[in-house]
Amino acid sequence: MSQQIIEELLSKLSIEEKVKILVGIGDTTSSQLARVPGAAGQTHPIERLNIPGFVLADGPAGVRIENPACRATAFPVEVMLASTWNPELVEQVGKAMGEEARSCGVDVLLAPALNIHRHPLGGRNFEYFSEDPLLSGKIASAYVRGVQSAGIGACIKHFVGNEQETGRWGLDTFVSERALREIYLKPFEIAVKEAKPWSVMSAYNKLNGVHCSENEWLLTTVLREEWGFDGFVMTDWGAGEDVVRQINAGNDVIMPGGQDKLEQVLKAVREGKIPIETIDRAVTRVLSKLLGSAGYKSTPGKPDLEAHAKIAYEAAVEGMVLLKNEGALPIDRGKKIAFFGVGQILTVKGGMGSGHTHPPYVSTILDAARERSLAIDEELAKKYAEAVSTYKEELEIFYRDEPDKPSISEDVVGEADIYATAQRNDLAVIVVTRVSGEGWDLAPEDFYLRDDEKWLIDTVSEAYRKIGKPVVAILNIGTPIDVASWREKVDAILLAWQPGQEAGRAIIDTLLGLVNPSGKLPTTFPKTLGDVPSWTFGGEPAGSPKSVTYEEDIYVGYRYYDTFGKEPAYEFGYGLSYTTFSYSDLSIEQDSEQVKVKFRVTNTGKMPGKEVAQVYVKPPKGKIDKPQKELKAFKKTRLLQPGEHEDIVLTIGYKDMASFNGKEWVLEKGTYKIMVGSSSRRIHLEGEFKIHEEKTFRN
Ligand code: BGC
């Protein structure tokens, strides 16, 4: 929107009207002013100047509006989008979400969320991409580009250090500036620089003593002055303590707002506590983005939900990670299959809280198996249907709304029944599910299997494998769980995450080999919780701690496991395929700005497939402690036919290999190793390059 139009508007707006643009209307379900009842938030309209109320709606897995009139596509959760390692595909997902949001009259989609998987028990991990800042930042950039290509804004959140739910409102996150810069701020920096999101949401927590929403260093020095962000910042819903400090620090919009907040800001302006220039600056930032929004201009219409369902399916299929396969997969169509686990019916599409969705349908595993005419054990399926039928009302809510799982124990069938099914079927498939959500972190019991789940796996495994019949496990989960203690009892494990409304079809088609799994882990599966470097969700008082210290510093995820010699259950970047790939022809070139890495990936197996090639850099031993290796570039190949190859060229800027020493970014001199692999631990090609003189960088 042109500066001139905004200046004209500023000259016409009264102080009260300006403040109204910056403070939300409160609850959109009860407010008369709401344009889209049930959206997460809205600014006040200024009708006399034709400025609409701008509508903001969640969220990361699809548009969430709490209004039965607004059904929207449920896409895979963010951790699954990251598992695709496919920015082009994620951009399509973002575009589809943006179009749906626009057709509902939404101006800003409150997504994506960019916090880091610091601990497997993080309650909102499903809503975040990865433990790695580069993967998070690249996938987020694609997502933002997609959303904004629909003519509305994206909002990257929660800025920053919101890695846990326990005590989240007032929690003080203590973290070194180095870890902030290299790990926690990094994905935001990449997304701001590469995709120019219209807005940023400041987080609930404090950062090193100051509320994020009141933190001038964060919102002004780093975000705007260093990174060049030119959009507006909004609070998370109800975050922070003091609107005066918030607006003065560079937090332009107060959400969800309401009359009290409006009066507080107005009073502060009148008393001179917030300079009018600061208000003008914030209004300019808001209008310069939102007056251009297609959301408020669009007439409510029906987006192409069928086309979007296909995109949701593609994303789900590409985000499937095959963790183990000893010949059990793919399954031949004619085989008789016994499905175990209530998740075959209660298939989990996504997580709970503001990131949930209201899709028109959810394809469950059992429905999809029937749809594909598989020879399933119907007698067994009936038992599961009976077991969950007492929860009929909850089920409706479960699929359409909050997936608060009715807690049904996995002893639906007895031991004798299980043994009987082994006689009449060719293989068993066991579904293990987990649901998590905003507002609480998971407990150790959620990581380790429950007794009833262990019993089911033990019994099915004994009954089938004793007579030479394979057992497959499907993990329908949002964050890593224990696999190390039971994986020997099954022949294959498919990590299906929470795949959105196309869950069942995507899972069944992968089991059948109609599609070849090509997802890779965006986060480590540790062997035990004791192995995780960041054990704590904060100190005293237990349950609502006042602070958390990121003692592991930069050693998050694989950076810790690799540097300190801890063997994970499945490492970052890992994932199998039904075909095989070879890596060859590595060459490394250097110029004054960057390193260029070239290599070839060839499909050496019998099935078409895609591979995610990953480039890690191992630094020399220098003055600064560095992780053993770090992901610096990646590329998902196109679908390669057997025998076909793709030549890949990736560039890595020197600055992107540098470390933050407290003042500036430093790339020490020495010999750096380039490691090209199919995971962080499966390295197929190695080369090196030299840095002769130390290099330093700012911002
Ligand atoms: C969440 C945000 C969300 C907002 C609006 C908050 O509770 O933390 O992620 O966008 O609500 O629904």
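Here is how the numbers come out for the structure above:
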item: Whole-number percent relative contact order across the chain, with pairs defined as alpha carbons under 8 Å at least 6 apart; result: 14 percent
item: FRET efficiency, 1/(1 + (r/R0)^6) with R0 41 Å, evaluated for Lys193 and Glu271 via beta carbons; result: 0.60
item: Phi-based couplings in Hz for segment 551-566 (Karplus 6.51, -1.76, 1.60; Gly and Pro marked x); result: 5, 5, 6, 7, 8, 9, x, 4, 4, 7, 4, 6, 6, 9, x, 9
item: For Asn603, net neighbour charge (Lys/Arg +1, Asp/Glu -1) across residues whose Cβ lies under 12 Å away; result: +1
item: Net charge, Leu291 excluded, C-beta distance under 13 Å - Lys, Arg +1, Asp, Glu -1; result: 0
item: Backbone N within segment 256-298 under 20 Å of label point (7 Å from Gln32 Cα along the Cβ vector); result: 257-263
item: Neighbourhood charge, 12 Å Cβ-Cβ cut-off, centred on Ile648 and excluding it, Lys, Arg +1 and Asp, Glu -1; result: +2
item: Projected label distance in nm at Ser373 and Lys690, using a 7 Å step from Cα toward the beta-carbon; result: 6.6 nm
item: Bridge type composition, the chain - antiparallel percent by DSSP, nearest 5; result: 60 percent
item: Theoretical gain in end-to-end length, Gln641 to Trp169 [0.36 nm per residue, Cα-Cα removed]; result: 164.8 nm
item: Evaluated at q = 0.09 Å⁻¹: base-10 log I(q)/I(0), Debye formula over Cα of the chain; result: -0.77
item: 5 angstrom amide H check on Gly38, placed H, neighbours 5+ away; result: Thr28, Thr29
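Each reported figure results from applying straightforward, stated rules to the coordinates on display, with no laboratory input. Since we're looking at a predicted model, the values are computed, not measured. Please note: Cβ atoms are built from the backbone with ideal geometry, for glycine as well, and neighbour counts cover all protein chains shown.
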